[in-house]
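Since every read-out is calculated from the coordinates, none of them should be taken as a lab result. A quick note: this is a predicted structure, and the numbers were derived from the prediction, not measured. Glycine also receives a Cβ, built like all others from the backbone with ideal geometry; neighbour counts cover every protein chain displayed.
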Amino acid sequence: MLTAIIIDDEMHAVDTLSILLAKYCPDVQVVDKCMSAEKALKSIVKLNPDIVFLDIEMPVMNGFELLEQFKEIHFAIIFTTSYDQYAIKAMRLSAMDYLLKPVVPKELVAAVQKVALRKTLPFQEQFEMLANRIKGRETGFQKIAVPTSSGFELIPADQILYCEVDDNYTHITTKSKGKILACRSLKDMEEQFRDFDFFARVHNSYLVNLNEVEKYNKGEGGYVVMSDGHLIDVSRSRKEMFLNKLQRNRP
């Protein structure tokens with residue numbers, strides 16, 4: 001059983017999420033509902049929940065300012081937000097879990113399952129990276145946060161050569177750090193890279209950096225030669241999409 005606190009300044013949002021959790025996530029027990037960050041701060045310290053469902057936009061003290069009150073974070077965070085696409089992009093690149101309002105049951109279940117399976121909690125640099133981006137102090141999105149068994153790796157996107165599926169994990173091959181095992185499926189990693197137009201899924205098993213493709217050999221699907229010499233098959237079903245995207249990314 002996972003314990004949870006819901007933090008949102010809108011009563012209907014709190015009630016809706018409570019109902020959805022009771023119906024679709026029976027293993028989650030809501031131990032408190034807070035309509036202000038001030039009340040939530042005391043509740044988190046007292047109840048020590050496994051999960052905090054946190055609204056970002058709140059009066060007096062917003063979600064980020066609430067998190068800044070903790071020296072260490074010992075709970076999983078799932079943001080609930082009505083923010084625009086810029087903020088959604090920031091959360092995705094920072095590897096932070098979020099739910100868009102109105103909350104969809106399927107997405108709620110998936111977010112809770114991620115928490116249940118996760119071996120490590122987010123770390124402070126993720127929150128700083130996320131807060132800076134949303135506050136506009138950082139204009140670029142050069143790095144992504146890659147969850148690993150020991151925590152998170154912050155990797156410049158252009159340092160990634162390709163990603164390879166390994167059941168529910170992903171092997172990420174980089175230029176400078178060699179291979180990194182990410183505790184995310186390739187589908188999850190593809191979603192995280194979605195805002196970088198130089199990545200393309202060329203096969204069910206591979207996601208590649210188009211800037212690191214040295215050569216494409218034709219065939220039924222064909223294959224690419226990466227900058228490190230690695231050969232990667234291109235599936236027939238993804239060939240047209242890959243070639244179109246490759247052309248767009250060539251100077």
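General remarks:
- Adding -39500 (n - 2.57) for every DSSP H run of four residues or longer, then dividing by how many residues the chain holds, sets the calculated 222 nm ellipticity at -9500 deg cm²/dmol.
- Point-to-point label distance, Leu231-Asp9, nm (Cα→Cβ direction, 7 Å offset): 6.0
- Taken one residue at a time, the phi angles of region 4-10 give Karplus couplings (6.51, -1.76, 1.60, θ = phi - 60°) of 9, 10, 9, 10, 6, 7, 9 Hz. Gly and Pro are set to x.
- What the pair-distance distribution of region 2-134 shows, using all Cα-Cα distances binned every 10 Å from zero, is 12, 49, 37, 2 percent.
- Answer label for volume of the Cα convex hull per residue in Å³ (calculated), chosen among (1) 137; (2) 126; (3) 114: (1)
- A simple rule links phi to the HN-Hα coupling: the Karplus curve 6.51 cos²θ - 1.76 cosθ + 1.60 with θ = phi - 60°, which for region 208-223 gives 10, 8, 4, 6, 9, 7, 8, 7, 10, 9, 5, x, 4, x, x, 8 Hz, with x for Gly and Pro.
- Signed unit charges on C-beta, dipole axis of the chain, positive-most listed residue Ser227, Met96, Gln159: Ser227
- Antiparallel DSSP beta bridges within the chain, percent to nearest 5: 60
- Rel. contact order, % - alpha carbon contacts under 8 angstrom, at least six apart, region 143-249: 18
- Residue by residue, region 11-26 carries 3J(HN,Hα) couplings of 4, 5, 5, 4, 5, 4, 5, 4, 5, 5, 5, 4, 7, 10, 10, x Hz when phi is fed to the Karplus relation 6.51 cos²θ - 1.76 cosθ + 1.60 (θ = phi - 60°); x denotes Gly or Pro.
- For region 143-249, the ratio of Cα radius of gyration to the globular rule of thumb 2.2 N^0.38 Å stands at 1.01.
- Under the combined filter of DSSP loop state and at most 14 neighbouring Cβ atoms within 10 Å, region 1-101 retains these chymotrypsin sites (Phe, Trp or Tyr not before Pro): Phe70.
- DSSP loop GluC sites (Glu not before Pro) with at most 10 other Cβ within 10 Å: longest gap in the chain: 73-219
- When exposed loop sites are taken as trypsin sites (Lys or Arg not before Pro) in a DSSP loop with at most 15 other Cβ atoms within 10 Å, the longest stretch of the chain clear of them is 1-70.
- One chain, two ends: Glu220 and Lys46. Fully extended at 0.36 nm per residue, the span grows by 56.5 nm beyond their Cα-Cα distance.
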